[in-house]
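Chemist: The structure that follows is given in the form of structure tokens.
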Amino acid sequence: MTQSYNDNLFDRLFIWLFSRKMAIALGKGTTQSGYDGFVDLSQQIMQGRNAVQQQNLVSVVLKSLVPAPILKIIRTFFSPTKLVCELNAWFATMLFEWLVGPCEVREIEVVDQNGQSRLQRSEVYIKKCRYLEQSGCVGMCINMCKLPTQTFFTQDFGIPLTMIPNFEDLSCEMVFGQTPPPLETEAAYHQPCLVGQCITAATAPACPKVHEK
């Protein structure tokens with residue numbers, strides 16, 4: 001049973017903003033409202049586009065949310081120190097709960113860009129991802145959220161981020177300060193479609209939407 005959410009004014013404002021940016025990038029809108037409309041726009045982006053095209057369009061949306069001069073300032077003056085990574089994790093729990101549902105900051109061991117291991121409170125643990133639960137789609141999770149978000153933070157912000165979705169319980173870990181590995185080396189790359197959510201779950205060894213060229 002899908003969990004119900006009571007979006008407050010702040011949540012609805014962010015849903016509207018993201019949905020508007022997605023509609024502009026897509027070139028058309030949705031007849032649905034609120035979070036349902038946000039997910040519908042995501043599904044529209046996937047239609048007729050391969051995995052890379054989906055990721056690129058979402059990247060355009062993400063970049064449109066933050067002015068280029070701001071991104072440059074962040075990359076120039078804020079290196080991914082322990083404090084910066086921990087602050088990013090804290091802000092993520094404040095700003096993105098509307099998108100992913102309840103989450104919390106946890107301590108984790110990360111390997112920084114110099115190969116040094118350190119403990120820091122820079123993991124955002126998402127208890128049950130709202131986006132994955134409502135969409136029920138492995139491909140949407142990876143192409144529309146995981147990969148473009150990792151790229152946005154790692155390359156555009158200059159703050160490495162690795163996202164580790166758990167398709168068993170729909171939880172997810174966002175680890176700030178950890179450089180994302182190639183997708184092909186991750187379990188998510190071989191993840192089958194979710195049983196009861198997708199008709200290809202019984203026939204495809206891994207989600208075809210992640211592998212389509």
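The values are calculated or read from the model by the stated rules, or taken from the named source; none is laboratory data. Source: prediction; values computed, not measured. Neighbour counts run over all protein chains shown; Cβ positions are idealised from the backbone, glycine included.
Chemist: Looking at the range 79-94 only, could you name the residues that are without any contact (Cβ under 8 Å) to a residue 40 or more places away in the chain, part of a helix (DSSP H, G or I) and either more than 23 Å from Gln3 (Cβ to Cβ) or not aliphatic (A, V, I, L, M) (or both)?
Modeler: Leu83, Leu87, Trp90, Phe91, Thr93 - these are the residues of the range 79-94 that are without any contact (Cβ under 8 Å) to a residue 40 or more places away in the chain, part of a helix (DSSP H, G or I) and either more than 23 Å from Gln3 (Cβ to Cβ) or not aliphatic (A, V, I, L, M) (or both).
Chemist: Within the range 95-213, which helices (runs of 4 or more DSSP H) (wholly inside it) include 3 or more residues that are within 16 Å of the chain's Cα centre (by Cα)? So that I can check it myself, show each step before the final result.
Modeler: Numbers: elements: 97-100, 130-135, 138-141, 147-151, 208-211.
In the range 95-213, the matching helices (runs of 4 or more DSSP H) lie at 97-100, 130-135, 138-141, 147-151.
Chemist: Please enumerate the residues belonging to the range 1-46 that are under 19 Å from Met140 (Cβ atoms), of a type in the set (Lys, Arg) and under 18 Å from the mean Cα position of the chain (by Cα).
Modeler: Within the range 1-46, Lys21 is the sole residue that qualifies.
Chemist: What's the number of the condition Cys207 fails, among (1) surrounded by fewer than 22 Cβ atoms within 10 Å (Cβ to Cβ); (2) touching a Ser or Thr at 6+ places or on another chain (Cβ under 9 Å)?
Modeler: Cys207 satisfies all of (1) surrounded by fewer than 22 Cβ atoms within 10 Å (Cβ to Cβ); (2) touching a Ser or Thr at 6+ places or on another chain (Cβ under 9 Å) except (1).
Chemist: Taking the range 114-137 as the search range and keeping residues that are of a type in the set (A, V, I, L, M, F, W, C) and modelled with pLDDT of 95 or more, which one is surrounded by the fewest Cβ atoms within 10 Å (Cβ to Cβ)? Working first, answer last.
Modeler: Quick first cut of the range 114-137, residues of a type in the set (A, V, I, L, M, F, W, C) only: 119, 124, 126, 129, 132, 137.
Going one step further and asking which of them are modelled with pLDDT of 95 or more, we end up with 119, 124, 126, 129, 132.
Values: Leu119: 10, Val124: 26, Ile126: 26, Cys129: 22, Leu132: 26.
Top of the filtered list is Leu119.
Chemist: Here is a follow-up. Here are the criteria: (1) without any contact (Cβ under 8 Å) to a residue 12 or more places away in the chain; (2) more than 22 Å from Trp98 (Cβ to Cβ); (3) assigned to a helix (DSSP H, G or I); (4) over 17 Å from the mean Cα position of the chain (by Cα). Tell me which single one Ile70 does not satisfy.
Modeler: (2)
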